[in-house]
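The structure under discussion appears below in the form of structure tokens.
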Amino acid sequence: MSKRNKTYEVTSLSKVNTTLYKNGDLFYTNRSIGVLHNGKIKTIGSNTPDLTDYVKRDEVQQMIDEAINQGGEDVE
């Protein structure tokens, strides 16, 4: 049986202490994703977009509130 790899949210890939994790563990920030391989974090996809620009938390809450006020009809 193999062990499961874990995923961690970090503020910066360069500041991760790689001695505390095992090969195959994933790390992500709001700008990049990396995987630990042979003691170094290799980034995956150098052209990843900043995901914070797509949907804001307050916008989602507003959409939920509007759907509830409309009587629970399907909103697309």
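Sorting Leu26, Leu36, Leu20 by the number of Cβ atoms found within 10 Å of their own Cβ, with the fewest placed first, yields Leu20, Leu26, Leu36. Taking other Cβ atoms within 10 Å as a rough exposure proxy, Ile68, Ile33, Ile44 sort from fewest to most as Ile68, Ile44, Ile33.
Read-outs: derived from the displayed coordinates by stated rules, not from any lab. Quantities reported herein were computed from a predicted structural model and do not represent experimental measurements. All Cβ positions, even for glycine, are placed from backbone atoms using ideal geometry, and neighbour counts span all protein chains on display.
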